[in-house]
Every structure is written in structure tokens, then in C-alpha cells.
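The values are calculated or read from the model by the stated rules, or taken from the named source; none is laboratory data. Note that the coordinates shown come from a computational prediction; the quantities given were computed from them, not determined experimentally. Positions of Cβ are generated from backbone atoms using ideal geometry, with glycine treated the same way; all protein chains shown enter the neighbour counts.
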Amino acid sequence: MKLFYTPGACSMACHITLRELALPFDLIKVDLATGRTETGDDFRILNPKGYVPALELDHGEWLTENQVILQYLVDQVPAGDLAPPQGTLERYRLMEWLAFIATELHKGFAPLWNRDLPKEVHQMARERLGKRFGFVEKTLLGHEWLLGPNFTIADAYLFTVLNWAHVLKMDLSPWPGLESYIHRVGNRPHVKATLTAEGLV
Ligand SMILES: N[C@@H](CCC(=O)N[C@@H](CS)C(=O)NCC(=O)O)C(=O)O
């Protein structure tokens, strides 16, 4: 498998998952500004969506969309505990979280990356994210991980997007539970290895 990624982007959730599952993979860095891969290919030709993550499977098929790639990866290792078994209510609970992280948090950050947008739009985005952060923090109360006792792909994705708050120098002090969660995930050996491999530490 080849994971097309950009350092620190949402593709980091897939990268963490590949390492946590000990699956064999190659990493191909994509420069989103130029649209070129580190191997000199035009990424938009390889993946017409033009965004990461994208996973090239060994038989040449491609998968895109973080939530789908993450679940594909865990389903390659059925005995792993990064997701509850398919068909169970717990698995739907996991999917519920993946959808929340993708649409409420991941896309909630989107306006903050665009420096051309007016300050008011940034302020609105921060306030909206703040409400979602409050909800996540409440859920984490008394839990080590998002779904309870086991670290799952939802944690890989949540950590990835919460990390952006640091990059954007957002004040997370109103949510100390989130800061300690980021710290907790960041201390996992495979997460540390991911950050190192992406050149982020
Ligand atoms: N719907 C996609 C969105 C992925 C996405 O937003 N990727 C960002 C990086 S975090 C990206 O590559 N943006 C560049 C672009 O949209 O051209 C998913 O959920 O995987």
C-alpha cells in the first residue's frame, strides 16, 4: 500500500493507523501547493480529487476519504482493537465519531487556514469550533480515549485535527481536558514515530 500524505495534514490519521496496525506501507509526500508528489508525479492525475489522504492499494485500486481509508485499514487486521467489529452498535458509534470529526471539526478548521478571509469569519469559525471542543471534552471526561477503554481510529483522526489548534496558535486553555488528551495521544510510540516521519518534531 502507498499512502499519499502531506505533513501534518488530515492524512496523518491514516499514517498513525498504519503504524498502530503494523501494516506494511510506503509513504509518498504530496506538495499540495504545487500538486506534485515527491517522486515527481502530478498528484492531480493520480488522484483527480487532488487532496490527501489517498491510498493506492497493492492491486492498483485507489481509496480516498479519510473515514473510508481508516476503516479499510482496520478491517485488514480483524483481530486488532482499533475499531469495534463491523455490524455492532459500537462500530456505528465509531462511524458517528468519524463523521463528527470530519464534518464538524476537520471542516470547521477550514476557514482558519485561509488568511484572506475577514477576521469576523475567523472569529465565527473559532466560536463554532469552541462549542464542538466543549462537547468533545465532556465526552472525554473519565475516559482515556474517545470510545472508552481502547484507542481507535477516531482517536488517530481527532488527535490529527486537534493538533491544528496548536499550529494555528489557538488558545485551548478553556478545554484543559483536550490539552491533556493531545498530550496522551502524542506520547504513544507510534504517534511519535509518525510525527518524526512527517518531519514535525
Ligand atoms: N473529503 C476529504 C477531505 C480531505 C482534505 O480536506 N484534505 C486536505 C488536507 S487536510 C487537502 O488535501 N486539501 C487540499 C485541497 O483540497 O486541494 C476527506 O475527508 O478525506
>> Going residue by residue through region 76-98, is there one that turns out to be under 17 Å from the mean Cα position of the chain (by Cα), more than 18 Å from Ile16 (Cα to Cα) and without any contact (Cβ under 8 Å) to a residue 12 or more places away in the chain?
In response: yes
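Can you list the helices (runs of 4 or more DSSP H) found entirely within region 153-201 that contain at least 3 residues being among the hydrophobic types (A, V, I, L, M, F, W, C) and either modelled with pLDDT under 95 or farther than 22 Å from Ile28 by Cβ (or both)?
Values: elements: 153-167, 176-186, 189-197.
By residue number, 153-167, 176-186.
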> Between a first residue in region 42-63 that is among the basic types (Lys, Arg) and a second residue that is part of a loop (DSSP other than H, G, I, E, B) and within 13 Å of the ligand (Cβ to nearest atom), which pairs have beta carbons less than 8 Å apart while being 6 or more apart in sequence or on different chains?
Replying inline: Arg44/Gly35; Arg44/Gly50
> Quick check, is Gln123 assigned by TED's automatic domain parsing to the domain that holds Leu158 and away from the ligand (no atom under 16 Å from the Cβ)?
Replying inline: yes
>> Can you tell me which residue is surrounded by the most Cβ atoms within 10 Å (Cβ to Cβ) among those in region 130-176 that are of a type in the set (S, T, N, Q), within 27 Å of Leu73 (Cα to Cα) and out of contact with any strand residue (DSSP E or B) (no Cβ under 7 Å at 6 or more places or on another chain)?
In response: Thr160
> Does Glu127 satisfy the criteria of being over 20 Å from the mean Cα position of the chain (by Cα), part of a helix (DSSP H, G or I) and within 26 Å of Tyr181 (Cα to Cα)?
Replying inline: yes
>> Need the failing condition index for His190 against (1) touching a residue at least 24 places away in the same chain (Cβ under 8 Å); (2) touching an Asp or Glu at 6+ places or on another chain (Cβ under 6 Å); (3) farther than 24 Å from Leu3 by Cα, just the number.
In response: (3)
